[in-house]
Amino acid sequence: MSQFTEGANVDMIAIIKSIKDAMVAFESSFPLDSLQKTNFGQQPFVTLLTCSDSRVPENVFGQSFNRIFTVENIGNQVKTSEGSLLYGLLHLRTPLMIVAGHSDCGALKAAGSDYSTEPEAIVRELDCVNRSLNEILSSSQTLNGEPIVKYTQLAELNVDMQVKYLLGNTFVARLVEDGSLSIIGIIVDLHNVYGQGYGKSYLINCNGMRDPNKLKDIGYLNGLFVRMKRLTVV
């Protein structure tokens, strides 16, 4: 239960105060000197596609201000927000693209159920997740029978699918081929499904490469060696 709710009651005064306090904190720590050096322009070095789940904020990957161009949607789907992603890659020219999924993803569960009675806008987005799921399941992957493990495996495979979609874009593929862009896939483990602790993140994909043993051969990933782990055999 949220700190601002108790049963059916919502403490809106406390919610607004928390927002105001956050705004004041941002203002007091505003990095003006840093922004002036860029002539108040954007200079992110990461384009991030992540699930809009509130438990997976962009600050998983550090301070976001002028570092991370963030695109969020349910189920971290490329096709839902392709234009925004291409803006980060083709116009802001970020050298790194991160696709971040998470354990036990609710969007994947919803997309595998009957969501036909949802509002049209939600149906459209879940249709996108559903297409990814169908493509994943058509590949005859073996999934664990325990639900939380199964849906975390599906989250891994969904990240793989989004990396595949990105590489299928001619403009993006060209950037990867000439070495000016790397695309990595990450899973944020909110539920300790991997058995290494709550909130840990794992590298599962780089430019379509999914085998952890082969990922270790990519020199610039050296700092993530201990984070190369998958539940799903590839």
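For the range 151-164, putting each phi into the Karplus relation 6.51 cos²θ - 1.76 cosθ + 1.60 with θ = phi - 60° gives couplings of 6, 6, 4, 5, 5, 4, 5, 5, 4, 4, 5, 5, 4, 4 Hz, in residue order, rounded to whole numbers and with x for Gly and Pro. Using a/c under 1.5 as the rounded threshold, could you call the range 101-234 rounded, prolate or oblate? The axes a ≥ b ≥ c are square roots of the C-alpha gyration tensor eigenvalues, and prolate needs a/b larger than b/c, oblate otherwise. Cα axes put the range 101-234 in the oblate bin. For Rg and Dmax of the Cα atoms in Å, pick the label among (i) 16.4, 47; (ii) 18.9, 56; (iii) 17.6, 55 that corresponds to the value derived from the coordinates. Calculated Rg and Dmax of the Cα atoms in Å: the matching label is (ii).
Which of the three applies to the range 1-139, rounded, prolate or oblate, going by the alpha-carbon gyration tensor with a ≥ b ≥ c and a/c under 1.5 meaning rounded? It comes out oblate by the Cα gyration axes. Relative to one another, the C-alpha centroids of the range 51-80 and the range 124-172 are positioned 18 Å apart. Checking the table K20/K109; K150/K214; K109/K216; K20/K150; K164/K229; K79/K229 against a 30 Å threshold on Cα-Cα, which pairs fail? Table pairs above 30 Å Cα-Cα are K20/K109; K109/K216; K20/K150. For the range 91-97, backbone phi angles converted through the Karplus equation (6.51, -1.76, 1.60; θ = phi - 60°) give residue-by-residue couplings of 9, 7, 6, 5, x, 10, 10 Hz, Gly and Pro being listed as x. From its DSSP helices (H runs of at least four residues, each -39,500 (n - 2.57)), the chain gives a residue-normalised ellipticity at 222 nm of -11000 deg cm²/dmol.
Seen from P147, the other residues with C-beta closer than 12 Å to its C-beta sum to a net charge of 0, counting Lys and Arg as +1 and Asp and Glu as -1. Our summary of shape: the Cα atoms of the range 103-163 have principal axis extents of 32, 23, 17 Å, ordered from largest down, in whole angstrom. Residues whose amide H comes within less than 5 Å of that of I74, counting only those at least five positions distant or on another chain, are S52 (H built at 1.01 Å from N in the peptide plane).
Net charge in the neighbourhood of G185 (other residues with Cβ under 13 Å of its Cβ; Lys, Arg +1, Asp, Glu -1) is +2. Under 5 Å between amide hydrogens, built in the peptide plane, is the criterion, and for N205 it picks out G185 among residues at least 5 positions away or on other chains. Sequentially through the range 127-141, phi angles give Karplus couplings (6.51, -1.76, 1.60; θ = phi - 60°) of 4, 5, 5, 4, 5, 4, 4, 4, 5, 4, 5, 6, 8, 6, 6 Hz, Gly and Pro residues having no value and appearing as x.
Each reported figure results from applying straightforward, stated rules to the coordinates on display, with no laboratory input. Keep in mind the model is a prediction, meaning the values are calculated, not measured. As a convention, Cβ positions derive from the backbone with ideal geometry for all residues, glycine included, and neighbour counts pool all protein chains shown.
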